[in-house]
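Contents: one structure, followed by commentary.
Values quoted throughout were computed directly from the atomic coordinates according to the rules given, and no laboratory measurement underlies them. Small disclaimer: the values here were computed from a predicted structure and weren't measured. Cβ atoms come from the backbone with ideal geometry, glycine included; neighbour counts cover every protein chain shown.
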Amino acid sequence: MKDIDSLFRSFVYAVKGFAWMVSHERNFRIHLVCLGYMIFFLCRYDFFVVSEIEASILVIISALVIGSEMINTGIEKADDAFSREEKYAIKVSKDVAAGAVLVFAVASVVIGVFILWQPAAFEALFAHYKAHIWKVALLVFSFVLSLLFIFKFNFKEKGKEK
C-alpha cells in the first residue's frame, strides 16, 4: 500500500508542477495557447489531412517543447536557489537551458509547417470562416482571451520571484 501512496503522491507533485508552470511562466502559457489552437483546428475541421505518423510527430514535438520549458524553469529555479549573484556558470546554465527550449520551439514550427502546409486546407478554412462570419468574431474573442491568459494570468508574488 505504501508503494501505491508513493506513486499517487508522485502524480500529485507532477500535476502541481504543471499547474505552477501555468500560473507563473508566461512562455509556458504561450506554448500552451499555440498547442491549443493547433489541436482545435486539427480536431474541429477536416480540411487538414494528417496521417497517424504525422499526428504522432506533432504530439512528440509538442511534448518536447512543453517538457523542455518545464526543465528550463527547473534549472532556472535551482540556479536561483543556489545564488542570485551574477556568476558566469549560472548564467551559462540558464542560457543553455533557454537555448534548448528555443531549439525545440523552432523545430516544432518547422515540423508544423512541413506537415500542415496544405494550401487547399487553408483555402477551405478561409472559405468556411467567410461563410460563417460570426465564427470570426468567436475566433477573435478566443484570441483576446488567449492574450489575457498569456499576459495577465500570473500569480507571481512580488518580492519572492524574479
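Could you tell me whether region 38-60 includes any residue that is under 10 Å from the mean Cα position of the chain (by Cα) and free of Cβ contacts under 8 Å to residues at least 12 places away in the same chain? Before you say what the answer is, go through the steps one by one.
Within region 38-60, the subset under 10 Å from the mean Cα position of the chain (by Cα) is none.
No, region 38-60 has no match at all.
Would you check if there is a residue in region 62-83 being of a type in the set (G, A, S) and within 30 Å of A120 (Cα to Cα)? Write out each step before concluding.
At the first step, the residues of region 62-83 found to be of a type in the set (G, A, S) are 62-63, 67-68, 74, 78, 81, 83.
From the residues that got through so far, the ones that are within 30 Å of A120 (Cα to Cα) too are 62-63.
Yes, region 62-83 has at least one match.
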- Note on the structure: Within region 42-97, residues being exposed (fewer than 15 other Cβ atoms within 10 Å of the Cβ) and in a loop (DSSP other than H, G, I, E, B) number 9
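Only one of A100, A121, A127 is under 18 Å from the mean Cα position of the chain (by Cα), surrounded by 11 or more Cβ atoms within 10 Å (Cβ to Cβ) and not polar (S, T, N, Q). Can you tell me which?
Working: A121 fails: under 18 Å from the mean Cα position of the chain (by Cα); A127 fails: under 18 Å from the mean Cα position of the chain (by Cα).
The unique qualifying residue is A100.
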- Task: Kindly provide the set of residues from region 87-115 that are within 16 Å of C34 (Cα to Cα) and touching a helix residue (DSSP H, G or I) at 6+ places or on another chain (Cβ under 8 Å), ordered by number.
- Result: V101, F104, A105, A107, S108, I111, G112, I115
- Message: Any residue at all in region 19-36 that's buried (at least 17 other Cβ atoms within 10 Å of the Cβ), part of a helix (DSSP H, G or I) and without any contact (Cβ under 8 Å) to a residue 12 or more places away in the chain?
- Response: yes
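Could you run through region 115-145 and say how many residues are within 9 Å of F47 (Cβ to Cβ) and part of a helix (DSSP H, G or I)? Show your work before the answer.
First pass over region 115-145, keeping only residues within 9 Å of F47 (Cβ to Cβ): 118, 120-125, 128.
If we keep only those that are part of a helix (DSSP H, G or I) as well, we get 120-125, 128.
Selection size over region 115-145: 7.
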